[in-house]
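Input: a single structure, listed below in structure tokens.
The values are calculated or read from the model by the stated rules, or taken from the named source; none is laboratory data. All values reported here derive from a predicted model rather than from experimental measurement. Every residue, glycine among them, receives a Cβ derived from its backbone with ideal geometry; neighbour counts consider all protein chains shown. Note: areas computed on protein heavy atoms with side chains; ligands, DNA, RNA excluded. Shrake-Rupley method; radii C 1.70, N 1.55, O 1.52, S 1.80 Å.
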Amino acid sequence: MFNCDKCGSCCRNIAGIKLFSDMDDGMGVCKFLDQSNNLCKIYNSRPIFCNVDEMYKKYFKNLMPLEEFYNLNYMACEKLKELKKLK
């Protein structure tokens, strides 16, 4: 299982991403993010593209090993955290 640290960085950086356009609050933040605790308000019914494990099972399991997929997601997470520090 993907170990999310619940920093909220992925949910705060969705501006300009077509896949997330209907979730954008107009400020590039997911409208389902509870900004007081960084948790998803619709976690149990969130879209598949917000679920690393389900995305792997459905779209990536035949393309790469799970560990590689997790590592790519962890790297993306770190880059988003770096962006936050630059702001």
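Below, the figures for the structure above:
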{"quantity": "Scan of region 37-50 for residues that are in a helix (DSSP H, G or I) and either more than 19 Å from G8 (Cα to Cα) or open to solvent by 70 Å² or more (accessible area, probe 1.4 Å) (or both), ordered by number", "calculated": "Y43, N44, S45"}
{"quantity": "Filter result (among the basic types (K, R) and farther than 26 Å from V29 by Cα) within region 58-84", "calculated": "K61"}
{"quantity": "Single condition F2 does not satisfy, out of (1) among the aromatic types (F, W, Y); (2) at pLDDT 95 or above; (3) surrounded by 12 or more Cβ atoms within 10 Å (Cβ to Cβ)", "calculated": "(2)"}
{"quantity": "First in region 1-24 and under 14 Å from I48 (Cα atoms), second anywhere and open to solvent by less than 60 Å² (accessible area, probe 1.4 Å) and in a loop (DSSP other than H, G, I, E, B), Cβ under 6 Å, 6 or more apart", "calculated": "F20/I14"}
{"quantity": "Residue, farthest from Y70 (Cα to Cα), within region 18-36, restricted to residues that are open to solvent by less than 70 Å² (accessible area, probe 1.4 Å) and assigned to a loop (DSSP other than H, G, I, E, B)", "calculated": "G26"}
{"quantity": "Residue in region 51-77 that is least open to solvent (accessible area, probe 1.4 Å), counting only those that are under 16 Å from S9 (Cα atoms) and without any contact (Cβ under 8 Å) to a residue 24 or more places away in the chain", "calculated": "N51"}
